[in-house]
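First comes the structure, then the notes that go with it.
The values are calculated or read from the model by the stated rules, or taken from the named source; none is laboratory data. Source: prediction; values computed, not measured. Here Cβ is always computed from backbone atoms with ideal geometry, including for glycine, and neighbour counts include all displayed protein chains.
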Amino acid sequence: MFPFFRNNKQKTENHLIHLVHKQIKAWQRASRKMAWGITREEFRRIESPPQLTEDDRLDGFIGPILSYGFGKDGYGNSNSVLSGKLAWAYARKRLKGKTWQCQYIDFDKDVSGGVKML
């Protein structure tokens, strides 16, 4: 649908999201490198996602992505601030700090359990 460019090569949206098994391998690698402690059993429990419907595609969805929530928020959910901070730390490490971050998000400035929005 939309062309994307990386390294002066055009890519289609089909190349933007890895297949689930490749995403699992990437998460396993990230967990090892960052010492996150996600167990093999957690990776084994991941089921295949449902296929996208034609309506999904018309709504602009191009495929599933795997996410992982870290910590606890006290209500049985993961801590979204901690999860974002850890994922961001990995991205910065993997890209050797060459990343852009929105000026309005500060993961280290936790206010009332959430990200401080300026």
Legend entry - Residue ID - nearest to Phe107 (Cα to Cα), chosen from residues in the stretch 22-80 that are among the aromatic types (Phe, Trp, Tyr) and surrounded by 10 or more Cβ atoms within 10 Å (Cβ to Cβ): Phe70
Inset, instruction - Check whether at least one residue in the stretch 53-66 is within 24 Å of Ile17 (Cβ to Cβ), in contact with a Lys or Arg (Cβ under 9 Å, 6 or more places away or on another chain) and at pLDDT 75 or above, and report yes or no. - result: no
